[in-house]
Amino acid sequence: MRLLAEAGIENPRGEARLLLAHALGIGRDQTLTATPTPQEIARFDALVARRGAHEPFAYLTGRKEFWSLDFAVGPGVLVPRPDTETLIEEAVRLMPDRGAPLRIADLGTGSGAILIAALKEFPHATGIGFESSPQAHGYASRNAARLIGARAEIRLAEWDNAQGPFDLVFSNPPYIPSADIESLAPDVSHYEPRQALDGGPDGLEAYRGLAKLLPGLLKSGGHALLEISLGQANGVEPLFRDLEIVRIAPDLSGVPRCVILRKA
């Protein structure tokens, strides 16, 4: 625990217990009475050293919860964030008919978290996740096979290979200005894939591409839900002249997080 505290980890005691539970293959509460073997102690020490170097906790355990689902994650894939759940909440609000046979796309699917969560909420929908990174594609494919089955297809492809029409299109694009990446927490800047973070000089490069792409992907009356970062709403809104901006929804912290667009 001392090593984690000295490294500036926010909750060193809690993380140490969770890492011990992971090393021993037991529940957190069981760590209080466990007697680790030398091999298990060595495994725990290795995990603590990696966490002390700020490797993301989710990479160490290989798991991350999103929308109450358990996703496999690791190096090469963006770790799902709770703020991104705002996109699923807004999709459910937009589409009250849970039994609708929707066709859904997720552009830059990463671990598959958004697409899979949406398909869980709409049990008669089918979806395609587009991902250009082979590493992330592997995680998304395995998560989809385990959590949703044949209703999800994960394609190793750039976004511009997508072919509509879709009822719903999701995207959590890279939106960090290039010059700001090194100032992020080392857990992010040193480990998570840069291509999932780097939004170009002003952070808006991906949105310019989406503004050109989305009108041809959406059905008439279809919606796109895009994640944005703090302070980006004013820069993103003018890019989507060919779509109606329904609203910009806040996350649980009140930060404008989800741009909702509609094709007339």
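Can you tell me which residues in the stretch 207-227 are among the hydrophobic types (A, V, I, L, M, F, W, C) and crowded, with 22+ Cβ neighbours inside 10 Å? Scanning the stretch 207-227 gives LEU210, LEU214, LEU218, ALA224, LEU225, LEU226. Of the residues examined, THR33 is one that is open to solvent by 40 Å² or more (accessible area, probe 1.4 Å) and at pLDDT below 95.
Return yes when GLY221 is part of a loop (DSSP other than H, G, I, E, B) and closer than 21 Å to GLU89 by Cα and no when it is not. Full working, then the answer.
On the way: part of a loop (DSSP other than H, G, I, E, B): no; closer than 21 Å to GLU89 by Cα: yes.
It is false that GLY221 is part of a loop (DSSP other than H, G, I, E, B) and closer than 21 Å to GLU89 by Cα.
Do we have any residue at all in the stretch 143-154 that's open to solvent by less than 10 Å² (accessible area, probe 1.4 Å) and in contact (Cβ under 8 Å) with a residue 24 or more places away in the chain? So far as the stretch 143-154 goes, yes, one or more of its residues are open to solvent by less than 10 Å² (accessible area, probe 1.4 Å) and in contact (Cβ under 8 Å) with a residue 24 or more places away in the chain.
Would you please name the residue that is most open to solvent (accessible area, probe 1.4 Å), looking only at residues in the stretch 228-249 that are among the charged types (D, E, K, R) and part of a loop (DSSP other than H, G, I, E, B)? Reasoning before the result, please.
Keep residues of the stretch 228-249 that are among the charged types (D, E, K, R), which gives 237, 241-242, 244, 247.
Cutting the leftovers down to part of a loop (DSSP other than H, G, I, E, B) gives us 241-242.
Details: ARG241: 198, ASP242: 119 Å².
Out of the qualifying residues, it is ARG241.
Taking (1) surrounded by fewer than 18 Cβ atoms within 10 Å (Cβ to Cβ); (2) in a strand (DSSP E or B) in turn, LEU252 satisfies each apart from (2).
Of the residues that make up the stretch 88-100, is at least one under 17 Å from GLY129 (Cα atoms), within 11 Å of the chain's Cα centre (by Cα) and of a type outside the set (Lys, Arg)?
Of the residues in the stretch 88-100, the ones under 17 Å from GLY129 (Cα atoms) are 88, 91.
Subset that is within 11 Å of the chain's Cα centre (by Cα): none.
No: zero hits.
For the stretch 39-60, a residue qualifies if it is surrounded by fewer than 17 Cβ atoms within 10 Å (Cβ to Cβ) and in a helix (DSSP H, G or I), and the qualifying residues are GLN39, GLU40, ILE41, ALA42, ASP45, ALA46, ALA49, ARG50. Of the set (1) outside any loop (DSSP other than H, G, I, E, B); (2) farther than 23 Å from PHE122 by Cβ; (3) touching a residue at least 60 places away in the same chain (Cβ under 8 Å), all apply to LEU87 but (2).
ILE181 - would you say it is open to solvent by 10 Å² or more (accessible area, probe 1.4 Å), in a helix (DSSP H, G or I) and of a type outside the set (Ser, Thr, Tyr)? I'd like the intermediate steps shown before the answer.
Numbers: open to solvent by 10 Å² or more (accessible area, probe 1.4 Å): no; in a helix (DSSP H, G or I): yes; of a type outside the set (Ser, Thr, Tyr): yes.
No.
When residues in the stretch 155-166 are screened for being surrounded by fewer than 17 Cβ atoms within 10 Å (Cβ to Cβ) and among the hydrophobic types (A, V, I, L, M, F, W, C), 2 of them pass. As for the stretch 177-194, it holds no residue that is at pLDDT below 95, out of contact with any strand residue (DSSP E or B) (no Cβ under 8 Å at 6 or more places or on another chain), closer than 19 Å to ARG93 by Cα and among the aliphatic types (A, V, I, L, M).
The residues listed here are VAL73, VAL77, VAL92; of these, the one that is within 22 Å of LEU252 (Cα to Cα), modelled with pLDDT of 95 or more and open to solvent by less than 60 Å² (accessible area, probe 1.4 Å) is VAL92.
Where residues in the stretch 95-131 are among the hydroxyl-bearing types (Ser, Thr, Tyr) and within 13 Å of LEU78 (Cβ to Cβ), which of them is surrounded by the most Cβ atoms within 10 Å (Cβ to Cβ)? Residue satisfying both the conditions and the ranking: THR109.
Would you be able to tell me the number of residues in the stretch 1-30 that are among the polar types (S, T, N, Q) and either modelled with pLDDT of 80 or more or touching a strand residue (DSSP E or B) at 6+ places or on another chain (Cβ under 7 Å) (or both)? Talk me through it step by step, then tell me what you get.
Step one: of the stretch 1-30, the residues among the polar types (S, T, N, Q) are 11, 30.
Then keep just the ones that are either modelled with pLDDT of 80 or more or touching a strand residue (DSSP E or B) at 6+ places or on another chain (Cβ under 7 Å) (or both); that gives 11.
Qualifying residue count, the stretch 1-30: 1.
The values are calculated or read from the model by the stated rules, or taken from the named source; none is laboratory data. All values derive from a computational prediction rather than experimental measurement. Neighbour counts are summed over all protein chains in view; Cβ atoms, including those assigned to glycine, are modelled from backbone coordinates with ideal geometry. Surface areas here come from the heavy atoms of the whole protein model, side chains and all, with no ligands, DNA or RNA. Shrake-Rupley method; radii C 1.70, N 1.55, O 1.52, S 1.80 Å.
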